[in-house]
């Protein structure tokens, strides 16, 4: 089986595209689609074991990829990784800033260290990746950057530290889109809503219960999204079809931010999920709740 992308074969032939957090979840799926479309994909992450697994998968599917173990919180490591990619590949045409993380906690319970750790990972790490990719290659050659944020509209109770960092990434995206336009660099964001990825299985019992009982019922389209639906949005923003798109955010969220609580979402209304990722699977916690399956 191969990736069932809706985009034209060979779309990114000859290009090198970096995907941070490429060892699992959305990053893994995106790396597979980009490789299937002809790109050489450079995946980064903290777990070499996970990166090696994805490399083996892409090779088995006749794609081209390489991997660098890199913690985006380490400025020197990021600078060295970008330099190594430029030296090895001679170019960086696209960057997908996907790496990040958070945990559920009320603001009153978040320690200063915990808050700073999430901001350092989600916001500062993204900034350093953007800056180094721009100054080491894209400033002179152009390119496209996609920053993955989240459904932060109206605040994010229970994840205030992540909402703050993702909101910062959004304004960072807008700023870079303006400042770097003269170099032919497009910078956009993509905000996933509830997506059925392996990340769902990292939540504790309370988080799992919230996903199953609270999150899905308030999605107007009455289902979670798929990894392939996120990847398709990323591919569009990287593609020539988005040549006049910069400084914007593509929401892929089933309409969730549009619900304000005053309207009872009726049953039904599901759209058919796009299941392009041939190696994708339904997270364990959704398998346990058939009503929440995509």
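The values are calculated or read from the model by the stated rules, or taken from the named source; none is laboratory data. Owing to the predicted nature of the structure, the values given are computational and were not obtained by experimental measurement. Glycine also receives a Cβ, built like all others from the backbone with ideal geometry; neighbour counts cover every protein chain displayed.
I need a count of the residues in the range 8-31 that are buried (at least 18 other Cβ atoms within 10 Å of the Cβ) and out of contact with any strand residue (DSSP E or B) (no Cβ under 6 Å at 6 or more places or on another chain).
Matching residues across the range 8-31 total 8.
Please count how many residues of the range 63-76 are out of contact with any strand residue (DSSP E or B) (no Cβ under 8 Å at 6 or more places or on another chain) and either in contact (Cβ under 8 Å) with a residue 12 or more places away in the chain or closer than 17 Å to residue 98 by Cα (or both). Before you say what the answer is, go through the steps one by one.
Quick first cut of the range 63-76, residues out of contact with any strand residue (DSSP E or B) (no Cβ under 8 Å at 6 or more places or on another chain) only: 71, 73-76.
From what's left, either in contact (Cβ under 8 Å) with a residue 12 or more places away in the chain or closer than 17 Å to residue 98 by Cα (or both): 71, 73-75.
Adding up the residues that qualify gives 4.
For the structure I just gave you, tell me whether residue 118 is buried (at least 16 other Cβ atoms within 10 Å of the Cβ) and closer than 19 Å to residue 174 by Cβ. Quick ask: steps written out before the conclusion?
Working: buried (at least 16 other Cβ atoms within 10 Å of the Cβ): yes; closer than 19 Å to residue 174 by Cβ: no.
No.
Can you say whether residue 215 is free of Cβ contacts under 8 Å to residues at least 60 places away in the same chain and part of a helix (DSSP H, G or I), as far as the supplied structure shows?
Details: free of Cβ contacts under 8 Å to residues at least 60 places away in the same chain: yes; part of a helix (DSSP H, G or I): yes.
Here the answer is yes, as residue 215 does meet what is asked.
Just a yes or no: is a residue in the range 78-100 modelled with pLDDT under 95 and surrounded by 18 or more Cβ atoms within 10 Å (Cβ to Cβ)? Quick ask: steps written out before the conclusion?
Step one: of the range 78-100, the residues modelled with pLDDT under 95 are 99-100.
Those still in the list that are surrounded by 18 or more Cβ atoms within 10 Å (Cβ to Cβ) too: 99-100.
Looking for residues that are modelled with pLDDT under 95 and surrounded by 18 or more Cβ atoms within 10 Å (Cβ to Cβ), one finds at least one in the range 78-100, hence yes.
For the range 130-164, name all the residues that are buried (at least 19 other Cβ atoms within 10 Å of the Cβ) and in contact (Cβ under 8 Å) with a residue 60 or more places away in the chain.
Within the range 130-164, 133, 144, 146, 148, 149, 151, 162 qualify.
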